[in-house]
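Inspection log for the structure reproduced underneath, given as structure tokens.
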Amino acid sequence: MYKRTVLIAFNTIVIKEVTRFSRIWMQTILPPTIAMALYFVIFGSLIGPRIGTMNGFNYIEFIAPGLIMMAIINNSYGNVVSSFFGAKFQNHIEEMLVAPIPNIVILAGFVTGGVARGILVGIVVTLVALFFTKLNLHSFSITIAIVLLTSIAFSLAGLINAIFAEKFDDIAIIPTFVLTPLIYLGGVFYSIDMLPEFWQKVSAFNPILYMVNTFRYGMLGESDINIFYAFAILIIFILILFFISLHLLNKGTGIKN
Amino acid sequence: MTALEINNLTKIYPNKLIALNSINLNVNQGDFFALLGPNGAGKSTAIGIICDLTKKTSGSVKIFGHCIDENNDAAKSCIGIVPQEINFSLFETCLEIVVNQGGFYGIKRSHATKRAEKYLRKLNLWEKRNERSRNLSGGMKRRLMIARALVHEPKMLILDEPTAGVDVELRRSMWDFLIDINQQGVTIVLTTHYLEEAESLCKNIAIINHGKIVENTSMKKLLSKLNKETFIFDLNNPIKELPNLDNYNLKLIDTTTIEVEIDRERNINKLFEILTKKNIHITSMRNKTSRLEELFLKLLNNKD
């Protein structure tokens, strides 16, 4: 009985979240699609042929997995941070707080919403990429696993950002000053083998490098890093973020007086 | 059975503000209970703690015997809350808001939709079910919060100033609705600044000031403490000056209106007789202020 109640509550949060980002598709689905189409046009079709090959692939083939992953990261993070902060800002997070929903279910509901948007945008961007280049699929299971784990990790990170955020500026700071530089420096547009040894070592501390390269491995069968090492790092990353966000929800940080 | 049992409840905010100072309160099942107090007295803090939106510093709260610390889910299932501020998503439709709330309480979507229809119809919002909530008027938003609070059919409904900013006609219809659900067995705890509302609806009352309960009794007993009442008499014919009546404190407001302060023990019929003999005829009379309002101000001033 209790499990059924909790499951209904979880489904309700997921339906609410998916309805929210679907209702505002002009703000949530369309912009990343246009942005990625521009990346493919500029970096893939216009500049790409002049660059030649990278790690044995056409430049557009090389950057396509990174661009798809970039869209997944930005959208899973962006969905949870804006939705949870919006719920706090308009006080309708109280609808969940007064109900008998365990905090872990609230957390799972928001994260699932973030994963859903990340994957949906990922699929749309993949379809856009097919207009510009052929896409390989070296390993279906690795590709799916890395997409899921990455979107879970960034949904959790978005949740923590939203819990601490007190004003709209606070939900823009991390994506602008942390997430974007890490993504651009995470091997989306280049192989880290091109970097001097020092910067290769610095890049090893960038978690996004592991996600982009593992996804690229899933599609192209080629990676700058060991993918088992990448999965281990990502799972540890998720566990840390999960326990931090659950602790914050249990403590009522940012949501209870 | 006791619907709400509060023992030594204290809330001290991080800035050292003592919002609640060891309050004790019991509300019986089926009661229509008024929790009154001036702004900042601690009413909303108490409600926040009962509904798990505010963390208490110490003390205990039981809802239908379920302690909020040990059996939080069972306690929460018994309560429906209508907060002071609008707290639903302004982009969702009325139906979505009520159905989703049912889902948060574990009610299947198909069942929650039926319940939502029932309460939206009762509160005259069914026609607006597909309207985004931000397009509703202030009164409709308040009614939507009541429908949302009732979707899981709680045993106790807590309303924090539900009629604030609502026009008179709508306020009266909300009163009728609340009386109806109270008669069906739902315990109601109401905070309001309209003391006339509390006086006409509530059976029992607690007055809170500076985080302490200064009065907790039945409405009848409280009103019986009022030893003087001030009435306004409207006169049939204008008068230039007041007759000299030693035992009554009369004041001429204008040529056709007089104000009379009467001790509770004194017979008001006697005054009518005297005035009639002096050819002063009264067409209507009313209390100058609500009786509860007079007592309320007195209690707050005495205990300050």
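Condition check: away from every other protein chain (no Cβ under 14 Å), touching a residue at least 40 places away in the same chain (Cβ under 8 Å) and more than 21 Å from residue A:146 (Cα to Cα). Does residue A:241 satisfy that? No: the conditions fail for residue A:241.
Determine whether residue B:290 is among the polar types (S, T, N, Q), in contact with a strand residue (DSSP E or B) (Cβ under 9 Å, 6 or more places away or on another chain) and either surrounded by 13 or more Cβ atoms within 10 Å (Cβ to Cβ) or at pLDDT 80 or above (or both). Judged against the criteria, residue B:290 is not a match. Considering segment B:81-94, and only residues there that are crowded, with 20+ Cβ neighbours inside 10 Å and outside any loop (DSSP other than H, G, I, E, B), the residue that is nearest to the other protein chains (Cβ to nearest Cβ) turns out to be B:81. Between B:163, B:187, B:191, the distinction of being at pLDDT 95 or above and touching an Asp or Glu at 6+ places or on another chain (Cβ under 8 Å) belongs to B:187 only.
So which pairs qualify, if the first residue must be in segment B:100-121 and more than 8 Å from chain A (Cβ to nearest Cβ), the second must be among the aromatic types (Phe, Trp, Tyr), the Cβ gap must be under 7 Å, and the two must be at least 6 apart or on different chains? Once the first residue is more than 8 Å from chain A (Cβ to nearest Cβ) and sits in segment B:100-121, its partners that are among the aromatic types (Phe, Trp, Tyr) give B:117/B:126; B:120/B:126. Looking at the structure I just gave you, is residue A:55 farther than 30 Å from residue B:68 by Cα, touching an Asp or Glu at 6+ places or on another chain (Cβ under 8 Å), of a type outside the set (Asp, Glu) and more than 14 Å from chain B (Cβ to nearest Cβ)? Spelling it out, residue A:55 is indeed farther than 30 Å from residue B:68 by Cα, touching an Asp or Glu at 6+ places or on another chain (Cβ under 8 Å), of a type outside the set (Asp, Glu) and more than 14 Å from chain B (Cβ to nearest Cβ). Comparison of A:39, A:77 shows that the only residue that is more than 14 Å from chain B (Cβ to nearest Cβ), hydroxyl-bearing (Ser, Thr, Tyr) and within 22 Å of residue A:137 (Cα to Cα) is A:39.
Among the residues of segment B:22-80, the one identified as closer than 22 Å to residue A:253 by Cβ, acidic (Asp, Glu) and surrounded by 19 or more Cβ atoms within 10 Å (Cβ to Cβ) is B:52.
Comparison of B:46, B:41, B:34 shows that the only residue that is among the small types (Gly, Ala, Ser), in contact (Cβ under 8 Å) with a residue 60 or more places away in the chain, under 30 Å from residue B:194 (Cβ atoms) and touching a Cys at 6+ places or on another chain (Cβ under 9 Å) is B:34. When residue A:52 is tested against (1) at positive phi; (2) modelled with pLDDT of 90 or more, exactly one condition is not met: (2).
Within segment B:192-228, the residues that satisfy the criterion of being of a type in the set (A, V, I, L, M, F, W, C) and either under 11 Å from the mean Cα position of the chain (by Cα) or assigned to a strand (DSSP E or B) (or both) are B:195, B:198, B:201, B:202, B:205, B:206, B:207, B:208, B:213, B:214. Taken over segment A:62-119, the residue count meeting the criterion of being among the aliphatic types (A, V, I, L, M) and farther than 21 Å from residue A:218 by Cα is 15.
Restricting the first member to segment A:13-33 and to residues that are part of a helix (DSSP H, G or I), and the second to residues that are among the aromatic types (Phe, Trp, Tyr), the beta-carbon pairs closer than 6 Å and six or more apart or on different chains are A:28/A:21. The set of residues from segment B:1-21 being hydrophobic (A, V, I, L, M, F, W, C) and either buried (at least 22 other Cβ atoms within 10 Å of the Cβ) or within 17 Å of the chain's Cα centre (by Cα) (or both) comprises B:3, B:4, B:6, B:9, B:19, B:20.
The values are calculated or read from the model by the stated rules, or taken from the named source; none is laboratory data. For clarity, every value in this text was computed on a predicted model and none was experimentally measured. Quick reminder, even Gly has a Cβ in these numbers, built from the backbone with ideal geometry, and neighbours come from all protein chains shown.
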